Each structure stands twice: as C-alpha cells, then as structure tokens.
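Structure first, commentary second.
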Amino acid sequence: MEKTINITLKIWRQKGPKEKGRFEEYKLNNVSTDSSFLEMLDLLNEQLINEGKEPVVFDHDCREGICGMCSLYINGHPHGPDTSVTTCQLHMRKFNDGDVITVEPWRSAGFPVIRDLMVDRRAFDKIQQAGGYISINTGGAQDANAIPISKEAADEAMDSATCIGCGACVAACKNGSAMLFVSAKVSQYALLPQGRVEAAARARAMVAKMDELGFGNCTNTGACAAECPKNISLTNIARLNREFICAKLKD
Ligand code: SF4
Ligand code: FES
C-alpha cells in the first residue's frame, strides 16, 4: 500500500548570481514515499504556483542517473543520504514522516549559483574541452582484435568513463577540488592505447584549466569518492598525478 509522509523543506532561494541568498521553509503534505526527490520538488513547485509564489529553480534532465544535471546538496550530502545514486534516483522512502530536509545548491567557487538551486557547471565543460578528446586520425573501424587491450585495462577505462560530470566530488570536498572528475576523464583515455598517445598533454592541459578556473587543491581526504554517485575510485587521482609528473618531466 502506498505510504505518504508530511515533510518540512528548508530550501536555498537566491534570485541571481549577485543577489544575497537565504533559506525559506515550506511544508509539504501527503508526499508518496514511492516518489523520487525531484518529483517531490515538482509537487512543491505546483503548490507554490497555486499559491501565486515563485517556483524553486533546480536543474535536471534525464532523471535516470545519466546526465549529471541534478546537482542538489541534501541534508549535508551531495545527492542526499543514499549511496551510489544521483538526486534524481533518490526516493522519498529514504525520509521519515515529520523530517526537516535542507536543500542547497553545490557550494564551490568553480560553480557559481545562477538561481536558487541551479549552479553554472560550465567549468567542467571547459576542463574537458582543454584536453578530453583524441585529435589523432584513428582511420576506419578496425577488427576487434587488431589492438590488444587487456580485460583489466578495458574494465578500468570503462569504470572511469562512467563519471557523469555531476560535480558532487567538488561539492563534497572542503577544498572545492575537481581532481576526481579530472582524473576520471584523464584515465578513461590514458588506459587505452588510442588515448595513451596524448595522455601527458591531456593531463597537463586539463590540470592547468582546472587551476585556472578556481578549483582547489586535493589534500587526499577522500570525501569526493565517498559521495560520488558513480563510485569513481581514488586510484584515478593517483593515475592523474603520475601522468602529470611524467608530462612535467618531459617538459
Ligand atoms: S567523479 Fe563522481 S562525483 Fe565527480 S563528477 Fe564524476 S560522477 Fe560526479
Ligand atoms: S537528472 Fe540526469 S542524472 Fe539526475
């Protein structure tokens, strides 16, 4: 049988990037525990619109854990209290009747607030553009066995490529570091022969762009990996550091 709960939401409201923000409190009743967190916010917005108030702005797209848009900081955790899920995959059954739920945008110098819960994450696109592609001519499609790749390397590259660029790692880090994201993007290519050709240049360019855009330094606290919805491993950061040192030695 469907269960419903009554909750109180403390939501960060901010009219624009240069405006001063503040928390506002809303009561929301009869929320189905089967609904997703974003469906619950849809309900809230319906309620606000019916009351003639401004709906809460929040980012989302796929609503199935693929696009990385749903960047919400819920009760002190990026993507909320569940593990290995994005905000859109979080369900209200994780909360109890009478709960007070605090919802904030990502807090990072690299991700300025646009409005309410929506932040500007274009910095990640810029980092990726700085080095996250392969510029060599790979020619026509090859036979599957023409370039031998070990199962371990293929698996690790695929694991790294599951990073959806959501930015939770930055929001979780006390330094606002983007190392987990950058290391995943460097690793997904560096582990494969086609990507190795430019691995050093890619690491150098992406780290330089990350520093330029105001992300902090990594001090190995591991908060990023603990909160990452895709379980991106810290070993990627070790690989990025190796690639970066090799690039510097070559310089
Ligand atoms: S490393 Fe994890 S937390 Fe960081 S952007 Fe990628 S998926 Fe999101
Ligand atoms: S809306 Fe796409 S990952 Fe959540």
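Can you tell me the dipole magnitude for region 122-250 around its Cα centre, using point charges on the Cβ only (Lys, Arg +1; Asp, Glu -1), in Debye to the nearest 20?
360 debye
So for the chain: antiparallel DSSP bridges make up what percent, rounded to the nearest 5?
Values: 17 of 22 bridges.
So the antiparallel bridges in the chain amount to around 75 percent.
May I ask you to evaluate 6.51 cos²θ - 1.76 cosθ + 1.60, the Karplus curve with θ = phi - 60°, for each residue of region 57-65 and list the ³J(HN,Hα) values in order in whole Hz, giving x for glycine and proline?
In residue order, the calculated couplings are 8, 9, 8, 5, 8, 5, 6, 9, x Hz.
Please work out how much length the chain gains when fully extended from A144 to R242, using 0.36 nm per residue of separation minus the C-alpha to C-alpha distance, in nm with one decimal. All intermediate terms of the calculation are to be shown ahead of the outcome.
Working: separation 98, 0.36 × 98 = 35.28 nm, distance 2.93 nm.
Between A144 and R242, full extension yields 32.4 nm more.
Quick one: among Q188, Q142, Q89, which has the greatest mean-square fluctuation in a GNM of the chain with alpha-carbon springs under 10 angstrom?
Most flexible of the set in this elastic network: Q142.
So which residue, out of L48, L117, L38, gets the largest mean-square fluctuation from a GNM of the chain using Cα contacts under 10 Å as springs?
L48
Averaged per residue, what accessible area in Å² does region 2-124 show with a 1.4 Å probe, protein chains only?
49 Å²
What ³J(HN,Hα) values, in whole Hz, does the Karplus curve 6.51 cos²θ - 1.76 cosθ + 1.60 give for region 213-221 when θ = phi - 60°, with x put for Gly and Pro?
8, x, 7, x, 8, 7, 10, 6, 7
Calculate, for C67 and A226, the FRET efficiency according to 1/(1 + (r/R0)^6) with r their C-beta to C-beta distance and R0 30 Å; round to the nearest 0.05. Provide the component values of the computation, followed by the final result.
Details: r = 22 Å, r/R0 = 0.74.
My answer for the efficiency is 0.85.
How much mean residue ellipticity at 222 nm does the chain get from its helices, if each DSSP H run of length 4 or more adds -39500 (n - 2.57) and you divide by all residues, to the nearest 500 deg cm²/dmol?
Calculated at 222 nm, the ellipticity per residue is -10500 deg cm²/dmol.
Calculate the length of the line joining the C-alpha centroid of region 168-193 to that of region 1-19, in whole Å.
Result: 30 Å between the Cα centres.
Note down the nm distance, to one decimal, between modelled labels 7 Å out along Cα→Cβ at R107 and at N29.
3.3 nm
When only C-alpha pairs under 8 Å and at least 6 residues apart count, what is the relative contact order of region 109-251, in percent?
31 percent
Run through all the Cα pairs of the chain and give the fraction in each 5 Å bin from 0, expressed as whole percent.
Over the chain, the share of Cα pairs per 5 Å bin runs 1, 6, 12, 16, 17, 14, 11, 8, 7, 4, 3, 1, 0, 0 percent.
Applying the Karplus parametrisation 6.51 cos²θ - 1.76 cosθ + 1.60 with θ = phi - 60° to the phi angles of region 86-98, what ³J(HN,Hα) value in whole Hz is obtained for each residue in order, glycine and proline being reported as x?
So the Karplus estimates, Gly and Pro as x, are 8, 4, 5, 9, 7, 10, 5, 5, 6, 10, 10, 4, x Hz.
So for region 122-250, considering every pair of alpha-carbon atoms, how many percent are separated by more than 20 Å?
42 percent
Taking all protein chains in place and a 1.4 Å probe, what share, in percent, of the accessible surface of the chain do carbon and sulfur account for?
Roughly 50 percent, rounded to a whole number.
Please return the longest range in the chain lying between exposed loop sites, taking trypsin sites (Lys or Arg not before Pro), DSSP loop only, at most 14 other beta-carbon atoms within 10 Å, and leaving the sites out.
Segment 175-251 is the longest.
How high is the relative contact order of the chain, in percent, with contacts defined as C-alpha pairs under 8 Å that are six or more residues apart?
19 percent
So if a site counts as exposed when it's one of the GluC sites (Glu not before Pro), its DSSP state isn't H, G, I, E or B, and it has at most 11 other Cβ atoms within 10 Å, what's the longest stretch of the chain without one?
Within the chain, the longest run free of exposed GluC sites (Glu not before Pro) spans 65-251.
Please report, to one decimal in angstroms, the Kirkwood hydrodynamic radius of region 4-115 built from all distinct Cα-Cα pairs.
On the way: mean 1/r = 0.0694 Å⁻¹.
Result for region 4-115 stands at 14.4 Å.
Check which residues have an amide H placed less than 5 Å from D99's amide H, if you skip close sequence neighbours.
Residues meeting the amide H criterion: T8.
Keeping all protein chains in place and using 1.4 angstrom, which order do W106, W12 fall into by accessible surface area, from largest down?
Most to least solvent-accessible, the answer reads W12, W106.
How far, in degrees from 0 to 90, does helix 199-212 lean away from the longest principal axis of the Cα atoms of the chain, to the nearest 10?
The angle comes out near 40 degrees.
Counting only pairs 8 or more places apart or on different chains, how many lysine pairs in region 4-115 have C-alpha atoms closer than 26 Å?
11
What residue among N137, N236, N220 shows peak mean-square fluctuation when the chain is described by a Gaussian network model with Cα springs under 10 Å?
Greatest mean-square fluctuation among the candidates belongs to N137.
The values are calculated or read from the model by the stated rules, or taken from the named source; none is laboratory data. Predicted model, so just to flag it, every value in this text is computed and none were measured. Backbone-built Cβ (ideal geometry, glycine too); neighbour counts: all protein chains shown. Heads up: the accessible areas ignore ligands, DNA and RNA and are worked out on the full protein's heavy atoms, side chains in. Shrake-Rupley method; radii C 1.70, N 1.55, O 1.52, S 1.80 Å.
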